[in-house]
Amino acid sequence: MRWLVVGANGMLGQDLVDVARAAGHDVVGVDRPEIDITDPDQCLAHVSGHDVVVNCAAWTAVDAAEDHEPEAFAVNAVGVANLARAARVHGARIVQISTDYVFGGSADEPYPVDAPAAPASAYGRTKLAGEWALAANAPDHLLVRTAWLYGARGACFPKTIARVARERGGLDVVDDQIGQPTWTMDLADLIARLVAAGAPAGTYHGTSGGRTSWYEFARAIVAAAGMDPGIVRATTSEAFERPAPRPAWSVLAHDRLTAVGVAPIGDWAERWSAAAASVLGEG
C-alpha cells in the first residue's frame, strides 16, 4: 500500500514512517512547509495516489491554544476536514490522531470510545471539532485517541524529567493526574496493525495499559536514568497553575481494539522499560 504520513517530522510521525516502511509499505512523509493542511487544494494534491493517509499534524501547544483558539482550530479542525475530504475524493482510508483532552477528566474508570465528550480547554475543543470534521467528511476513517506520548525523536516528559533531575538534584511532580504513558513506537505499531487488519471504521484508543501518575512515571524515569527515584517529590496540580487545565483522569479503555481482534499496547511500565534507553539516549 501507498501511505501518506502528514506531520512526518514530529515525534510520532517519524516513528510511523519507519514502522510503515518496515512493514513493506511505500511511504511518503510530508510536513510544513511542503504541505499546509489548512489549504484544501494542497491536501487534494498530496493525497492523490495514496491508499492510506495518517494525519499526525496538529496544534499541540496546549497552553498557547487558550489565547490562540482560532489558529488551533484552523489546524486541528479545518485541516482535518480538508484531509478527510481529500481522502474521500481519492478513495483513501484516513487515520486521524486525537487526544484524551476531549474528555472532562473527572472519571474514575477508563473512558470507553463512546464516552460523552466534555473538553475543558481550547486544545480539547479544537481536537473534538477535528473528530467531528473527520466523521462528517470521511466515512472510511480510523480515529485513534492517545495520551501522554513520549518518544526518542522529540521533546517529551521523560527527557525533561531526566534533564531537570540531573541539573537540580531533585524536582516536584504532580501526583493527582492519572494516565497512561505511551511510547510513540508502540502507537505507530498499533496504527499499522489496525490498518493491516482492515479494522472497521470508527474510534479506537491507542494508549498503554495500566495507569499511573506523573509523579510515579517521573520516579520510573529517574531510576532508568541511573538516579535515585527518591529525589522526585510529590506535589499537586494547584502548585503548578497553567493557562489550560489538565485532565485529572486520562485513562482510556481498549475494549474496542480487543473486539476487532487487534491487541492493545502492553502495560505502561513494561513498555517504558523497553523504551527507556532509546528515549533517554542511553542505548
Work out from phi, with θ = phi - 60° and the Karplus expression 6.51 cos²θ - 1.76 cosθ + 1.60, the ³J(HN,Hα) of each residue of segment 239-245, listed in order in whole Hz, and give x for Gly and Pro.
6, 10, 5, 9, x, 9, x
Please find the FRET efficiency linking residue 166 to residue 135, where r is the Cβ-Cβ separation and R0 is fixed at 51 Å, and quote it to the nearest 0.05.
0.70
Compute the angle between helix 184-196 and the longest alpha-carbon principal axis of the chain, please, reported from 0 to 90 degrees and rounded to the nearest 10.
30
Please report, in whole Å³, the volume per residue of the convex hull around the C-alpha atoms of segment 1-63.
77
Measuring from centroid to centroid over Cα atoms, what is the spacing of segment 243-262 and segment 160-207 in Å?
11
Note down the Stokes-Einstein diffusion coefficient of the chain in µm²/s, whole number, using a Kirkwood radius over alpha carbon pairs, 4 °C, and 1.567 mPa s.
68
When you count, for each residue, the other Cβ atoms within 10 Å and take the mean per peptide, how do 198-211, 239-252, 91-104 rank with the highest first?
91-104, 198-211, 239-252
Kindly identify segment 159-204 as rounded, prolate or oblate by the Cα gyration tensor criterion: order the square roots of the eigenvalues as a ≥ b ≥ c, call it rounded if a/c is under 1.5, otherwise compare a/b with b/c, prolate if a/b is larger, else oblate.
oblate
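How long are the semi-axes of the equivalent ellipsoid of segment 176-283, defined as square roots of 5 times the Cα gyration tensor eigenvalues? Whole Å, largest first.
Numbers: eigenvalues 161, 71, 22 Å².
They are 28, 19, 11 Å, listed largest first.
Divide, for segment 1-126, the radius of gyration over alpha carbons by 2.2 N^0.38 Å, where N is the residue count. List each step's numbers first, then the result.
Working: Rg = 15.4 Å, N = 126, 2.2 N^0.38 = 13.8 Å.
Taking N as the residue count of segment 1-126, the ratio is 1.11.
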Which one, 134, 205, 48, is farthest towards the positive end of the dipole of the chain when Lys and Arg carry +1 and Asp and Glu -1 on their Cβ?
48
If you put +1 on each Lys and Arg Cβ and -1 on each Asp and Glu Cβ, how big is the dipole of the chain around its Cα centre, in Debye rounded to 20?
420
Contour minus end-to-end for residue 113 and residue 36, with contour as 0.36 nm per residue of separation and end-to-end as the Cα-Cα distance?
24.8 nm
Quick check for me: using +1 on Lys/Arg Cβ and -1 on Asp/Glu Cβ, what's the dipole size of segment 1-133 about its Cα centre, in debye to the nearest 20?
540
Please report, for the Cα atoms of segment 211-266, the Rg to one decimal and the Dmax as a whole number; what are they, in angstrom?
15.9, 43
Search the structure for amide H atoms under 5 Å from the amide H of residue 253, placed 1.01 Å from N in the peptide plane, and list their residues when 5 or more places away or on another chain.
111
Among residues other than residue 228 whose Cβ falls under 14 Å from its Cβ, what is the net charge (Lys/Arg +1, Asp/Glu -1)?
+4
Could you sort the peptides 255-265, 135-145 by per-residue average Cβ neighbour count (10 Å cutoff), highest mean leading?
135-145, 255-265
Taking the 0 to 90 degree range and rounding to the nearest ten, how far is the long axis of helix 122-137 tilted relative to the main principal axis of the chain, both from C-alpha atoms?
30
Using only Cα atoms, find the angle between the long axis of helix 11-22 and the longest principal axis of the chain, and express it within 0 to 90 degrees, rounded to the nearest 10.
60
Taking R0 as 35 Å, what's the FRET efficiency between residue 1 and residue 241 from their Cβ-Cβ distance, rounded to 0.05?
0.15
Rounded to whole Å and sorted largest first, what semi-axes of the equivalent ellipsoid does the C-alpha gyration tensor of segment 106-224 yield via the square root of 5 times each eigenvalue?
30, 17, 13
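Only the coordinates and a few stated rules stand behind these numbers; no lab work does. Every value quoted in this text rests on a predicted model; they were computed, and no experiment measured them. No Cβ is skipped: glycine too gets one built from the backbone with ideal geometry, and neighbour counts run over all protein chains shown.
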